[in-house]
């Protein structure tokens, strides 16, 4: 017997009768129901979503009553109960480091340590479980959270852990601390003179003795001695990170700065169906991108639509981080008048590397923290646009854009440059950012609204493992610009706050725009991929504070539930 049911199919609001007859036609179709579903954060929600076997949205409609659900199930539909949650287009992280997160999950966790003594205690506890001579690595210390608010000296660490070489990175990944055993292996202990290295610095004390702190490229002097873990370790870490990211409600990550080995492993995982998280990957380009390297990986347009992997661009690095005073500034640091930060390459070298990236058919995405680094990147991008207007089609990106001179604010929109920014950087750094750059320059710090008139063109992320990968924490920071306790009252530089709809758009539509996927992802409308994050709260209508205690109920990629709270995937 034929059954008829009313569903609203795209275009939204056009209601049609579906004739439901038993058979194979509806096999593989999915209806998500019993939730509040935002197909676009700027539109009113619907109650159900129809998805085809390819994972594409085919329609959205009203809430289904039990009889309608029974009819749909009887003729072959798969029904997914959203448990009363609120579904939004899948949250994306437009700047993260997947293998770095996997490493952080395995190494010594130093995040949240409130003193150097606590850092030493955590490292010593790990060393006590490992044979003498085993390298101890970790990440997450932050001297701005310690009473002394100063970079450490290796002495106390070396006395506590004398028999294991130690290399632990600062939270931003742009500085590291090594103990005496590691410094000895790197021929830095007692070195005279202390080696100079382009784009980095080996810190010394007043007597010229190496302190153990290495800034930016100087970290490589010790890091090159850490044994390689091999392909199996990398695979394990990628899959470990994938599980963690899906549990955070993320459907896609723009994975910044991978090497060809990682790209090849990603391709293998994708071919085997082991990639559930969508990856937009960027090769590390500071050493140059040779066309033959780029040709080893298929172009985005040549990939199978079912693929979760795209090798889209190349990441370049112009400077270091603000917290370790490696960000390149136009004028000296307010709290260190003899320092202006570090450039990783000259403007001329950067221009050559951009040309190599473009010649390889890749999108340039350049790390720039300080106002000098941002100025150089914008100048080179402007020169390339003037020489070849088709450069704009690549949508060149600036990663972080943390300190931007007022003279450069409008250039992002004027040149069509993607501002890829991280809201939780603002709330982590606001304790000391003004001390670094002073009250005038700080107006251009983490200034999302100053760089674009349309928040849907912002590409928001977290820069995990520098920050926690939670996009809910990012939404909270974007809306409040406060810490979790609500300080400072009203928010730090409150004119830069986004409203709820804008914040969600920056983590969905903005990220899709940055990856040139705005016609296929970032919304839940007809023909778009059903990438969806389902939350225990309505992120459009809830208070910002409710985001901090919210739960991810489901993560859906291409119509497949890849994470469900309370169920092992």
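Rule-based calculations on the coordinates, nothing more; no lab input. Every value quoted in this text rests on a predicted model; they were computed, and no experiment measured them. Please note: Cβ atoms are built from the backbone with ideal geometry, for glycine as well, and neighbour counts cover all protein chains shown.
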Exercise. Residue 543 versus residue 520, label points 7 Å from Cα toward the beta carbon: distance in nm?
Worked result: 4.2 nm
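Would you calculate the convex hull of the Cα atoms in segment 505-569 and tell me its volume per residue in Å³? Show your work: numbers first, answer last.
On the way: hull volume 6.3 nm³, N = 65.
Convex hull volume per residue, Cα atoms: 97 Å³.
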Seminar exercise, completed: Relative contact order of the chain (C-alpha contacts under 8 Å, at least 6 apart) in percent is 16 percent
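With all distinct Cα pairs included, what does the Kirkwood hydrodynamic radius of the chain come out to in Å, to one decimal, could you say?
Across the chain, the inverse of the average 1/r is 24.8 Å.
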For this session: Specify the angular offset, from 0 to 90 degrees and rounded to the nearest 10, of the alpha carbon long axis of helix 347-359 from the longest principal axis of the alpha carbons in the chain.
Result: 30 degrees
For this session: In whole angstrom, note down how far apart the Cα centers of segment 467-509 and segment 168-185 are.
Result: 32 Å
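Over segment 337-431, what portion of Cα pair distances is larger than 16 Å, expressed as a whole percent? Let's see the in-between values first.
Values: 2461 of 4465 pairs.
Counting every Cα pair in segment 337-431, those more than 16 Å apart make up 55 percent.
Report, as a whole number in µm² per second, the diffusion coefficient that Stokes-Einstein gives for segment 434-569 at 20 °C and 1.002 mPa s using the Kirkwood radius over alpha carbon pairs.
Values: Rh = 16.3 Å.
Estimated via Stokes-Einstein, D reaches 132 µm²/s.
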Exercise. Which of the peptides 435-446, 327-338 is most tightly packed, and how do the rest follow, judged by the mean count of other Cβ atoms within 10 Å per residue?
Worked result: 435-446, 327-338
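Report for segment 99-223 the percent antiparallel among DSSP-assigned beta bridges with both residues inside it, nearest 5. Please list the in-between numbers first.
On the way: 10 of 17 bridges.
The antiparallel proportion sits near 60 percent.
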For this session: Along each of the three principal axes of the Cα atoms of segment 99-223, give the extent in whole Å, ordering the values from largest to smallest.
Result: 35, 31, 30
Seminar exercise, completed: Exposure-ranked with fewest Cβ neighbours within 10 Å first, 65, 483 stand as 65, 483
Seminar exercise, completed: Helix-only [θ] at 222 nm, the chain, -39500 (n - 2.57) per DSSP H run of 4+, per residue, nearest 500, equals -8000 deg cm²/dmol
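What does the highest-first list of 496-509, 125-138, 458-471 look like by mean Cβ count within 10 Å? All intermediate terms of the calculation are to be shown ahead of the outcome.
Numbers: 496-509: 24.1, 125-138: 14.6, 458-471: 26.8.
Ranked by mean Cβ neighbours within 10 Å, highest first: 458-471, 496-509, 125-138.
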For this session: Report, to the nearest 10°, how far helix 230-247 tilts away from the longest principal axis of the Cα atoms in the chain, using its own Cα long axis and a range of 0 to 90°.
Result: 50 degrees
Problem set entry | Burial order of peptide ranges 226-232, 192-198 (average beta-carbon count within 10 Å, highest first) | 192-198, 226-232
Seminar exercise, completed: Rounded to the nearest 10, the angle in degrees between the Cα long axis of helix 471-480 and the longest principal axis of the Cα atoms of the chain comes to 80 degrees
For this session: Treat each spin label as a single point 7 Å out from the Cα along the C-beta direction, and report the residue 390 to residue 148 distance in nm.
Result: 5.8 nm
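If you take every DSSP beta bridge fully contained in the chain, what fraction is antiparallel? Give it as a percent rounded to 5. Walk me through the numbers before you get to the answer.
Working: 43 of 86 bridges.
Looking only at bridges with both residues in the chain, the antiparallel portion is about 50 percent.
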Exercise. Segment 511-569 to segment 89-139: how many Å between their Cα centroids?
Worked result: 28 Å
